[in-house]
């Protein structure tokens, strides 16, 4: 539940209303929004009406509301998340064909991991990740990647917030977290047995953008059966390298011999070369 909205700005209140909707509660009544956002009911009525008018919320049966497709439209223009997913998707599909379990792609928001893509098989092992959902950074191998290869000081911020393991196998102390971060840095990939569910093992590697900055984490969830992780770790590294190369080519200046076609659309769209050239010409015509 959001903190009290007393003195909050208009934008903060709007975000609190939108944040009231979660993957566990995608449909809410006005009263439920009021309770989950801690905003006065009269203000909720006004904010919801305005959000509906702009397509950011949509009314559904039973006097409930859901997040509107307009939000997806806006979110589809974010290069850091959906742009990354679009560029990475062909490589994720090849990786999934080779591993046959779960493969996923994540970005970091503060001290959480946000899952932006996941490919699974019907008979794959248990995986608790949901696209669009957040996971505390210390609970996943994707999080270990950001802690090991990301911003200095992030480990301290996580320790200050509290570790709170999900299972008995999860990290419990600041010392254990620091040791795991250092081990991930040495190996070049993260591995966790049973941190989310006892039956599952997670692995993850960094996806890098320009100047070697870590912009995402590429992961796999496989059975926790004590088998060697080397094959999966190697496949993850090779795939992350290909994704990183495609990212760099998407941001090269137009006309560069290695630049992907598509002009400014390259950071958001991945399609066939002819399609990208067509879209680039169309975008120039609109300009």
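Give me the percent relative contact order of the chain, please, defined on Cα pairs under 8 angstrom at least 6 residues apart. Spell out each step's value before the answer.
Working: 478 pairs, mean separation 40.3, N = 287.
Computed value for the chain: 14 percent relative contact order.
With each label modelled as a point 7 angstrom along the Cα→C-beta vector, the residue 169-residue 72 pair spans 3.4 nm. A straight chain from residue 282 to residue 241 at 0.36 nm per residue would run longer than the Cα-Cα distance by 11.6 nm.
Of the residues 141, 78, 239, the one that moves most in a GNM of the chain with alpha-carbon contacts below 10 Å is 78.
At q = 0.19, 0.26 Å⁻¹ the log10 of I(q)/I(0) for segment 45-109 amounts to -0.80, -1.03, computed by Debye summation with a single uniform scatterer per C-alpha, solvent ignored. Extension gain for residue 248-residue 131 works out to 39.7 nm (0.36 nm per residue, less the C-alpha to C-alpha distance). In this label model, residue 29 and residue 256 are separated by 5.6 nm, measuring between points 7 Å along each Cα→Cβ vector. Per the Cα gyration tensor, the chain maps to an equivalent ellipsoid with semi-axes of 32, 29, 18 Å, ordered largest to smallest. Over the C-alpha trace of segment 10-73, radius of gyration and Dmax come out as 10.4, 29 angstrom. Distances between every pair of Cα atoms in segment 156-287, grouped in 10 Å steps from 0 to the bin holding the largest one, split as 11, 29, 26, 18, 13, 3 percent. Taking the helices alone, the chain has a mean residue ellipticity at 222 nm of -13000 deg cm²/dmol, built from -39,500 (n - 2.57) per DSSP H run of at least 4 residues and averaged over all its residues. Spin-label model, residue 61/residue 120: points 7 Å from Cα along the beta carbon direction are separated by 2.6 nm. With N counted as the residues of segment 36-158, its alpha-carbon radius of gyration over 2.2 N^0.38 Å works out to 1.32.
Each reported figure results from applying straightforward, stated rules to the coordinates on display, with no laboratory input. No experiment lies behind these values; they were computed from the predicted model shown. Don't worry about glycine lacking a Cβ; one is built from the backbone with ideal geometry, like all the others, and counts go over all protein chains shown.
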